[in-house]
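Have a look at the structure below before the remarks.
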């Protein structure tokens, strides 16, 4: 069985192309940044997965998705190869997206985009709680590792 489920953010706006001919087909390409569950010191904390979608799924991506948006996707791994103009054989691995969904509300997505455009320093933690636990501000949901 070849089945992949991903949840991540678009690293840039998806690239959209249309085939030529009578039955034009939409093709969407992009990269999803998918957080790793276990984060080891000195290693990257996300994997960057190359994705492609065709037809109606690609049209949906073109219409609704943009850089920074968090999505949930189901698809399959597809490998291939081609020879570049220098005669070197290049191997490829893509996830062909067959079903995509929004993974956060529009308001949360817009807040995330605003933070990316205008990064704010993290607020200083406050230990003034009477129960001995640190008070966590309400506006940092995206920063918590377990959301």
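The values are calculated or read from the model by the stated rules, or taken from the named source; none is laboratory data. Predicted model, so just to flag it, every value in this text is computed and none were measured. As a convention, Cβ positions derive from the backbone with ideal geometry for all residues, glycine included, and neighbour counts pool all protein chains shown.
Residues being touching a strand residue (DSSP E or B) at 6+ places or on another chain (Cβ under 9 Å), loosely packed, with under 11 Cβ neighbours inside 10 Å and in a loop (DSSP other than H, G, I, E, B): count how many of those fall in segment 42-67.
Counting residues in segment 42-67 that are touching a strand residue (DSSP E or B) at 6+ places or on another chain (Cβ under 9 Å), loosely packed, with under 11 Cβ neighbours inside 10 Å and in a loop (DSSP other than H, G, I, E, B) gives 0.
Test residue 98 against the criterion of being modelled with pLDDT of 95 or more, surrounded by 15 or more Cβ atoms within 10 Å (Cβ to Cβ) and in contact with a strand residue (DSSP E or B) (Cβ under 7 Å, 6 or more places away or on another chain), and give yes or no.
The answer is yes for residue 98.
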